[in-house]
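I have placed the structure first, in the form of structure tokens, so that the comments after it can refer back to it.
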Amino acid sequence: MDPIVYVSLGAALAAGLAGAASAFGVGVAGAAAAGVVAEDEKNFKNALILEGLPMTQSIYGLITLFLILLSAGIIGGGFKFAQATTDNIVKSAILFGAGLTVGLTGLSAIPQGIIASAGIGAVAKNPKTFTQGIIFAAMAETMAIFGLVGALIMIATGVGL
Amino acid sequence: MEAVTGILNTTIAVVFTWVGYKTARILWKYTPYSYPNARIKAMEAKLLTEQKFNELAESRTLQNFVVNLEDTDYKDYLADVSSYTVEEVERALERALAGTYGLMFRILPKRSRGFFGLLLEGWDVRNIANVVKAKLANEPASDYVVELGTMLPKVKAMAEAKTLEEILVILEGTPYEEVYQKLLLGEIDVTRFETELYRMHYGKLLSYALSRKDDERIILEEFVRLSIDRVNILTALRAKKAGLSAEETKPMLIPGGTVKLDPLLHVDSFDMALAELDSTKYGQVIRDVREEIEKDLSVLEKALNDHIIERISELERFYPLSIATPLSYVLRKEREIRKLRAIAKLIENGVEPERIKELAGEVA
């Protein structure tokens, strides 16, 4: 494959996969939020906070997309790896890997949405469990953070900004 | 270079296929329960507390009892109560339970709502058995009809029927026609008729449970088998108290339970029968209420009901986004309504509040 395909795919997968996962995660938690609010409007605030947690993965995806496009020169200048040399292919493959890492770890938004959904139900039954619900849901976030950190290292050391 | 690209592409394809499959499975399994289970959790917070039951027990009149329920979910169902008789209050509570079943049916995913339809059919079975028994005993059958089930109009028509043959016409085309025909022809007695109805019902529940997959199957199978065990244990102990032989009792048992009741049926006394149950998984439940059981078997019925609710609640904690949540809620709601009905009856009978508090806890 040409370097441009690797770079574009990397950027697209980082933002696309993480974004889609966030959408599913927020969808699952949002359905639970609607359920508890249907029974009691007082649940709105707690449900909204828990519902928003799976959105962060899409932000990580977007950051990675910008970094990939920036380091490949697509943003702020000409494409740096236009020639299909071994060095250019390796660098574009690193960018692809970085995007894929963030995209795949961003899938943690789906289980995070499921945890948040169960948390929303638990908080509706017993509002004292709100903090615990946030902590349980936030645990799934760590995988996405690891992915983002890994991607930053790959981009910074393998290609350079 | 081409070989490296090929390996890379193949790896990506495999990873994506695996991730896609796993993601789709997770979404299919959990997403449909997200809305209903969260809503049911919010409804659980509105179940009546012990403090509320104590307030209700102190109502003294049925009018106060109804007023005390106005800040609860029963308000809408009690709005039509005007004469404040115990029958009217009971009907309103039954409508509330029917409303709960209706809500479950509407909000649960298609793949599991069928089970609640079958649970509703259980009320049909109870109604049909009660109406037929009342008719045979020349009692007013409509007093025994619970306003719940999938064929309530037919059940009401049965209660109004002038003859037993008329009931056969009403039951025509239903799964209960054949067994009722046998009763009319004298091939079976009314006890066997009732057993056959319940066998049919539990058979349907069990085959539905076994047709499910993964955690849904685990939860439903556990619930159905626990329910069958409850019915069988109570039947066997009642038979033992009545001095029936093992041969007479066996046809009254429902297949599909987990407890082997054969040794229990062959012992000489009620005490020995209880001792036989000691080594089963219900041993602890029975030991906790052993002394009371000897006087009154309904204590054991309550203990077994509570055990089923407890077990399903355990499964609910293990599988938060599953059918365990609605199932546990419906069982708790049924228990709450049983308790409310008991309190209403005791108030009507002029029982003192302190005594009502004691008795209501015992019956439900």
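The values are calculated or read from the model by the stated rules, or taken from the named source; none is laboratory data. What you see is a predicted model; the values in this text were computed from it and never measured. Cβ coordinates were reconstructed from backbone atoms using ideal geometry, including for glycine residues, and neighbour counts include every protein chain displayed.
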TODO: May I ask you to list the residues in segment B:238-276 that are free of Cβ contacts under 8 Å to residues at least 12 places away in the same chain and part of a helix (DSSP H, G or I)?
DONE: B:247, B:248, B:272, B:275
Task: Qualifying residues in segment B:310-333 (those that are surrounded by 22 or more Cβ atoms within 10 Å (Cβ to Cβ) and of a type in the set (S, T, N, Q)) - the one nearest to the other protein chains (Cβ to nearest Cβ) - done: B:325
Open item on the list: Could you check segment B:1-45 and list, in sequence order, the residues that are at pLDDT below 85 and small (Gly, Ala, Ser)?
Closed with: B:3, B:6
Task: Condition met for residue A:41 (within 30 Å of residue A:125 (Cα to Cα), acidic (Asp, Glu), surrounded by fewer than 24 Cβ atoms within 10 Å (Cβ to Cβ) and within 14 Å of chain B (Cβ to nearest Cβ)) - done: yes
Task: Close pairs from segment B:283-306: first outside the structural domain of residue B:259 (by TED's automatic domain parsing), partner surrounded by 16 or more Cβ atoms within 10 Å (Cβ to Cβ), Cβ under 9 Å, at least 6 apart - done: none
TODO: Find the helices (runs of 4 or more DSSP H) located wholly in segment B:46-131 whose residues include 1 or more that are under 23 Å from residue B:326 (Cα atoms), and list them.
DONE: B:50-57, B:75-78, B:86-107
Task: Residues of segment B:93-125 classified as free of Cβ contacts under 8 Å to residues at least 24 places away in the same chain and within 30 Å of residue B:61 (Cα to Cα), total - done: 1
TODO: Spot the failing condition for residue B:279; the list is (1) among the small types (Gly, Ala, Ser); (2) assigned to a helix (DSSP H, G or I); (3) assigned by TED's automatic domain parsing to the domain that holds residue B:262, and only one is missed.
DONE: (2)
Open item on the list: Going by what's in this entry, would residue A:130 be described as closer than 22 Å to residue B:47 by Cβ, surrounded by fewer than 23 Cβ atoms within 10 Å (Cβ to Cβ) and hydrophobic (A, V, I, L, M, F, W, C)?
Closed with: yes
- [ ] Just give me the residues in segment B:1-37 being surrounded by 15 or more Cβ atoms within 10 Å (Cβ to Cβ) and either touching a residue at least 40 places away in the same chain (Cβ under 8 Å) or charged (D, E, K, R) (or both), in sequence order.
- [x] B:29, B:30, B:32, B:33, B:34, B:35, B:36, B:37
Open item on the list: So the check is Cβ under 6 Å with 6+ separation or different chains; which pairs have a first residue in segment B:139-167 that's closer than 24 Å to residue B:101 by Cβ and a second one that's crowded, with 16+ Cβ neighbours inside 10 Å and modelled with pLDDT under 85?
Closed with: B:159/B:141
Open item on the list: I'd like to check something: does segment A:107-118 contain any residue that is more than 9 Å from chain B (Cβ to nearest Cβ), surrounded by fewer than 15 Cβ atoms within 10 Å (Cβ to Cβ) and of a type in the set (A, V, I, L, M, F, W, C)?
Closed with: no
- [ ] Please name all residue pairs, on different chains or six or more residues apart, with Cβ atoms under 8 Å, provided the first residue is in segment A:1-28 and is more than 18 Å from residue B:25 (Cα to Cα) and within 9 Å of chain B (Cβ to nearest Cβ) and the second residue is modelled with pLDDT under 95 and not in a helix (DSSP H, G or I).
- [x] none
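Mind listing whichever residues of segment B:30-65 are within 30 Å of residue A:28 (Cα to Cα) and away from chain A (no Cβ under 14 Å)?
B:48, the sole residue that qualifies.
When you go through A:118, A:138 one by one, which is the residue that is within 15 Å of the chain's Cα centre (by Cα), within 23 Å of residue A:33 (Cβ to Cβ) and among the small types (Gly, Ala, Ser)?
The unique qualifying residue is A:138.
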- [ ] State all residues of segment B:156-186 that are loosely packed, with under 12 Cβ neighbours inside 10 Å and hydroxyl-bearing (Ser, Thr, Tyr); if no residue qualifies, say none.
- [x] B:163
Task: Among residues of segment B:184-215, those that are within 16 Å of residue B:114 (Cα to Cα) and not in a helix (DSSP H, G or I), counted - done: 2
